[in-house]
Structure formats: C-alpha cells, structure tokens
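A quick write-up on the structure given underneath.
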Amino acid sequence: MAQARGSAIIAVATVLLLLMHCNIGSATTFKVGDDGGWVFGVQNWPEGKTFKCGDILEFNYDPQRHNVIIVDQEGHDSCKPASDAKKFQTGKDQIMLNHGKNFFICGVPTHCSDHGMKLEINVE
C-alpha cells in the first residue's frame, strides 16, 4: 500500500513538473506541411514558425505510405531510428513538442534520405 502511494505521489509530481515546464494551456496545434500534410519535401516547413513547449504537431498522411518516428539528432541526420524509437502510423498523429530540439522522420526506406521527409523543430 505504501509503495503504491509513493508511486502515485511520484506520478503526480512528474505531471506537475511537466505542466510547470511547458505552458500547455496556451498550446498551439500546427498541421505539419499545412494543407499538403506529411509528404515528400516537408523538411523546410518549420521555417518562419515559432514553436513553444507544449505545442502540438499534427501529422496527416496516408498510413499505408508513410509513418512518423521520433528520433534524436543522430537518427534525424542519418535517417535511421534507434531500435526503441517511438513510431506512429495512424495517419493522423498528434505529438506534443518538448523544450529544445525535436526530431521526426518517416521510417519508410528512402522517404527520409531521398525525399526529405524529416523535420527538426526548435522549441523555445
């Protein structure tokens, strides 16, 4: 019982820290690629946009042709995700941005490396 209570306290504290770190109440949702969606050549889409911690990226795409994988900078630069990378494939994925750099790729072979389906999002 005490262990469960301790785990609950840790979970609540973690959520509170995240809420204090990201101002989620004023989050903005951005459609990646605007009306075109998550498609080839989208790597320059973030230019001129300002992203804040807690903002949401909405990836819209055909799930039979693409996916979205959260990667680190090495995965972004090499277009190779880590084996434990988080993969999305619903065709309408919403991902909350964290403070700092956020990286995303399409994991379908050649889509990232040859067709520019990768993003680097810098968050204030």
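Here, each number is a calculation from the coordinates, and none is a lab measurement. The shown structure was predicted, so the numbers you read here are calculated from the model rather than taken from an experiment. Please note: Cβ atoms are built from the backbone with ideal geometry, for glycine as well, and neighbour counts cover all protein chains shown.
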Checklist outcome for this item: For F30, other-chain or 5+-apart residues with amide H closer than 5 Å (H placed, Pro excluded) are I56, L57, E58
Checklist entry - With a sphere of radius 10 Å drawn around the Cβ of S26, what net charge do the other residues whose Cβ falls strictly inside it have (Lys, Arg +1; Asp, Glu -1)? => result 0
